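First up is the structure itself, then whatever we jot down about it.
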């Protein structure tokens, strides 16, 4: 079905377009601004232009009419042309084009804000809009025009819309520093969530039912005191006459959007009876008023309005702007397809020849491997969202660099994610306390030769960076609070397998949507904290250039990425103290042992359960949603503990022989690293909740005969999960494409075009020494063990040198049973580097090709200070 949505650039329009696309509709969006949404054809035009409206409506089966002026204006000049004239244009175009179904969004205010209204208002109640509120009057007039036209129509009367997408007139009112309300009686406000608005209106547009229906929550609303409490705003009450007089003066002076007439609406907001919505239309809203408003809290608190003015508040970390998650195509004259002939993937991005160099450094650590489509797009969206946050945090002004950072910073190539190195270098000048070379080394893991002039940099450059620090620090000041809020939300939304099964379809989709967006936000803040960590690392190098890696240790307390290895070592210590437990660990199959732990050793069992509770959401390849985590397969941790029994714990001390400035700089570095690791842990909690919800969706569609296996759900993309039966036919081709691309060994860095590397297993070099970045000090010798999956843990001998392409936190338990760690990908701030350094495991990252250049059984010497791997004896 082809559906036209007018006024599609507003908050209603975006969510309704999204949900229509999800149901398989062909969507045309008409708005004055471009509507950049996947699967939507955008037409720029004015609802007052009858020809534009008719042209946009051609071949459409259904119309959702949203184009309307909402905020009160001081004059009706032009408003009637948009609201009433636009309605007439739509009705005429429907008659001439043959479009046979209309959905029109009216408003609760059409009932009028009167103290004698019923406690709850059914659809049959007469419309009595306030005579001085144009918006409400025009809604009532449009309803009458629809009835007179005879067009088959659905008229929805909605209450105040809230949620994480909230961006409307009421949003600006709630975003004031404090809320002001009249003394005396005041009706409760109902809030309907944007998710519920989108889903119901999509259902109405694609169905054949007609009639009028109230759209709101099942509750009767929340009082103004509770609204203030949810938003964390102070509430001031004033006599109504004084409040109206003040509002009138501010209105006449053009200092306030709120007209005096609107105060009646705010005081006597109609309460909708939504029983018809549930009983006759079969739609049960997922959110109640409190939950809908709570979901809007972060956005409301991220900005401040004073009257009509949006006031800059640099101490508030910017809210993520999800419009930037999907990026944009480079201009045609700069667009390059980087793939060799026949090797392009369905989700591959084009390269902009002005920013031609891409690398897997850093991003390959967090999002390693050849990802499923769902994981690929969630990762790409998250990191592009981070790019838009960084623009705000750094106060970037160069329009070309800003656009590149928002739209080109991350690319999908062969089902892998790449960082655009050219964009990183272009924005490095805006990063406080650092430069392109330092970003390469600390964040991306790209080593440079230590040239003295490059290390010092120019005095002017250093001064410029220092001057930017306070502004960026102010903009990041609220990040910790934001991350904590996201963590609280994710924890509150976490459900057991049984509770997931009890959710209805709408509730499950809502959980998936909200978890996905929370996860994107967490990744955005997490990635941005890399800037702070990089600046802190650069500061340490400037203050104490000769300081060794060991001196940068801050201990494992409060370090989220260390919890898995700390827990494994603690379990190994407990087992060594109990010979019977140690014997069972060594001899009994892990799967059987997990089931009997409480009977065998309650203390060990309690510690094991605590580790699963704290870190069960993590595991190797943890950003791939199709992968199993330790909470899914706890026996994997038993195998790791077994291997750790034969490796004595290393002791590492914190260095105290530093000057005052160096000590403070190292403390700042460790604080920044802890914040970064905590925010990444929150992102992974959200990722795991999303994984579990998607699995449940997959399971349901196996039962329904749509999928062959539950894992098919990961081969859909976010826009397809609401109607898997429509898109399931795409799964086999996508599985085959991922398998084909997984067989290719893509280069870790390329410019404009890539060619697959030799992946035959033969050594790529005859050199006896490999170079990388020394990440954790120490010199050890041992046999090489190249591992591509943590499931190969049984093949790792104690004191082997673990060689892997990349590690994430899920790999870190293995660090307890090896002599050293060597990776192809990673930087000084990678998880491997941080965890290895804190636990005293020699580590080298960013070698580029150790997994190709070395062979299992080679005896090597690893120097974690110099960053060298020397082959002593070949296998």
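Quick notes on this structure:
- Meets criteria (in contact (Cβ under 8 Å) with a residue 40 or more places away in the chain and either part of a strand (DSSP E or B) or surrounded by 24 or more Cβ atoms within 10 Å (Cβ to Cβ) (or both)) for residue 201: yes
- Across the stretch 852-875, the qualifying residues are those that are crowded, with 24+ Cβ neighbours inside 10 Å and not in a strand (DSSP E or B), and the one among them that is farthest from the chain's Cα centre (by Cα) is 854.
- Where residue 506 falls short, out of the listed (1) surrounded by 24 or more Cβ atoms within 10 Å (Cβ to Cβ); (2) closer than 30 Å to residue 718 by Cβ; (3) within 23 Å of the chain's Cα centre (by Cα): (1)
- Screening residue 135 against (1) modelled with pLDDT under 95; (2) part of a helix (DSSP H, G or I); (3) surrounded by 21 or more Cβ atoms within 10 Å (Cβ to Cβ); (4) over 37 Å from the mean Cα position of the chain (by Cα) leaves a single unmet condition, (4).
- Residue satisfying condition, being at pLDDT 80 or above and closer than 30 Å to residue 835 by Cα, within set 383, 394: 383
- From 27, 90, 103, residue being over 20 Å from residue 147 (Cα atoms) and in contact with a strand residue (DSSP E or B) (Cβ under 9 Å, 6 or more places away or on another chain): 27
- Scanning the stretch 728-750 for residues that are at pLDDT below 95 and touching a helix residue (DSSP H, G or I) at 6+ places or on another chain (Cβ under 9 Å), we see that the one that is farthest from residue 369 (Cα to Cα) is 749.
- Number of residues in the stretch 30-53 that are farther than 19 Å from residue 83 by Cβ and touching a helix residue (DSSP H, G or I) at 6+ places or on another chain (Cβ under 6 Å): the value is 5.
- For residue 423, the stated conditions hold: it is more than 19 Å from the chain's Cα centre (by Cα) and either surrounded by 21 or more Cβ atoms within 10 Å (Cβ to Cβ) or in a helix (DSSP H, G or I) (or both).
- Enumeration of residues in the stretch 539-550 that are under 19 Å from residue 866 (Cα atoms) and touching a residue at least 24 places away in the same chain (Cβ under 8 Å): 540, 541, 544, 545, 547, 548, 549, 550
- The residues of the stretch 5-46 that are under 17 Å from residue 203 (Cβ atoms) and assigned to a strand (DSSP E or B), listed by number, are 5, 26, 27.
- Consider the stretch 768-827 and keep the residues that are in contact with a helix residue (DSSP H, G or I) (Cβ under 7 Å, 6 or more places away or on another chain) and over 26 Å from residue 370 (Cβ atoms). The one that is surrounded by the fewest Cβ atoms within 10 Å (Cβ to Cβ) is 798.
- Qualifying positions in the stretch 583-602 - loosely packed, with under 12 Cβ neighbours inside 10 Å and either closer than 15 Å to residue 638 by Cα or in contact with a strand residue (DSSP E or B) (Cβ under 9 Å, 6 or more places away or on another chain) (or both): 583, 586, 587, 589, 592, 595
- Screening the candidates 580, 560, 536, 575 for the property of being at pLDDT 90 or above and surrounded by 18 or more Cβ atoms within 10 Å (Cβ to Cβ) yields one hit, 575.
- Failed item, numbered, when residue 713 is tested on (1) under 28 Å from residue 416 (Cβ atoms); (2) surrounded by fewer than 22 Cβ atoms within 10 Å (Cβ to Cβ); (3) at pLDDT 95 or above: (2)
- Selection count where residues are under 23 Å from residue 562 (Cα atoms) and either touching a helix residue (DSSP H, G or I) at 6+ places or on another chain (Cβ under 7 Å) or without any contact (Cβ under 8 Å) to a residue 12 or more places away in the chain (or both), scope the stretch 655-670: 8
- In this entry, residue 330 is excluded by the filter for residues that are surrounded by fewer than 19 Cβ atoms within 10 Å (Cβ to Cβ) and modelled with pLDDT under 95.
- Residue within the stretch 779-801 that is in contact with a strand residue (DSSP E or B) (Cβ under 8 Å, 6 or more places away or on another chain) and closer than 23 Å to residue 669 by Cβ present: no
- Unique match (being assigned by TED's automatic domain parsing to the domain that holds residue 30, in contact (Cβ under 8 Å) with a residue 24 or more places away in the chain, outside any loop (DSSP other than H, G, I, E, B) and within 16 Å of residue 271 (Cβ to Cβ)) among 161, 154, 90, 103: 161
The values are calculated or read from the model by the stated rules, or taken from the named source; none is laboratory data. Fair warning: this is a prediction, and the values are worked out from it, not measured in the lab. Neighbour counts run over all protein chains shown; Cβ positions are idealised from the backbone, glycine included.
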